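Report on the following structure.
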Amino acid sequence: MLTHPTLDQMLALGLSGMATAYRELSDQPQGNDLSRDEWLGLMLDREIAVRADKRLTNRLVTAKLRFPDACIENDFAATRGLDRRQILSLAQGAWLKAHEHLILTGQTGTGKTWLACAIGRQAARLDYSVLYVRMPRLFEDLALARLDGRFPRLVDKLARVQLLILDDWGTHALTDQQRLDLLEIFEERYRRKSTLITAQLPVPQWHEMIGEPTIADAILDRIVHNAHRIALEGDSMRKPKSRPLLTTTQNDEINSR
């Protein structure tokens, strides 16, 4: 059997998964008991698995998630007012296929960003492209892109990604240009792609936050009406646990003198 030339040809064609499976089957005594169809099936299965892993890795790198290790299976531990059935339903990805949106609201520290990243990671598992961006950074990038001529390309990039995660929505008042930029982005994505938004402000206050009534109506009309909503509850997860002061023993010694 021309083992090495066959492996070289597979590697030359970029079939690293098939090459690995071929090598393993050749080294195993029970490999001789398999038919050619069984060999081919096992090799193809390995190639498909390897390519899926590479595609997921690339999607996660491109997504730039703030918490890349966030996993949707681990977000039920803390009491955050989450509906387990709703989370598991979202994990199936039907809302992404239907180009619907998701809005996560709650006080600071309740885990909105973590949950958003976990859902983003799950979307990447389902083979959707994902991009995470904080709203302040988004506006900075848009302003710079307008100055150096990259604005159309940046808007096109934001329009094409299948799940756009906008974190820290509504943390500050918007300028006229920022309102127009948001309207253009949501207009390009409307009924074509899904958007996930995290915000401290409850949805009824978004109109006032955006400012200009006409533009606010246009933006919210493209977001709110076909959006799933999750309101997270509980205390801030960033609050440090109470610990004894490091100088307690020293103070006791001083006071006892």
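In this simple spin-label model, placing a label point 7 Å from the Cα along the Cα-to-Cβ direction at both residue 32 and residue 207 gives a separation of 7.9 nm.
Summarising the amide proton neighbourhood of residue 229: residues at separation of 5 or more, or on other chains, whose placed amide H is nearer than 5 Å comprise 103.
Using the 10 angstrom Cβ neighbour count as an exposure proxy, how do 135, 209 rank, fewest first? Walk me through the numbers on the way to the answer.
On the way: 135 20, 209 15.
Ordered from fewest to most neighbouring Cβ atoms within 10 Å, 135, 209 come out as 209, 135.
Taking Cα atoms only, the orientation of helix 36-63 departs from the longest principal axis of the chain by about 20 degrees.
Please give the net charge around residue 222, taking every other residue with its beta carbon less than 9 angstrom from that of residue 222, where Lys and Arg add +1 and Asp and Glu add -1.
Details: positive: 189, 191; negative: 187, 221.
Its environment carries a net charge of 0.
Database remark: amide H of residue 110 closer than 5 angstrom to the amide H of 237 (H placed geometrically; neighbours at sequence offset of 5 or more, or on other chains; Pro and chain starts carry no H).
For each of 102, 196, count neighbouring Cβ atoms within 10 Å of the residue's Cβ, then give the residues from fewest to most. Numbers along the way, then the final one.
Values: 102 21, 196 27.
Listed from fewest to most nearby Cβ atoms, that is 102, 196.
To the nearest 10 degrees, how steep is helix 151-160 against the longest Cα principal axis of the chain, on a 0 to 90 scale? Orientation of helix 151-160: about 70 degrees from the principal axis.
Shape call for region 151-190 from the C-alpha gyration tensor, a ≥ b ≥ c root eigenvalues: rounded (a/c under 1.5), prolate (a/b greater than b/c) or oblate?
In terms of gyration-tensor shape, oblate.
How far is helix 176-189 tilted off the main Cα axis of the chain, in degrees rounded to 10, range 0 to 90? Result, in degrees: 30.
For region 3-62, compute Rg over Rh where Rg is the Cα radius of gyration and Rh is the Kirkwood radius from the inverse mean 1/r over Cα pairs.
With Rh from the inverse mean 1/r over Cα pairs, Rg/Rh is 1.06.
Readers should treat all values here as calculations from the given coordinates under stated rules, not as data from a laboratory. Please read all numbers here as calculations on a predicted model, not as lab measurements. Neighbour counts run over all protein chains shown; Cβ positions are idealised from the backbone, glycine included.
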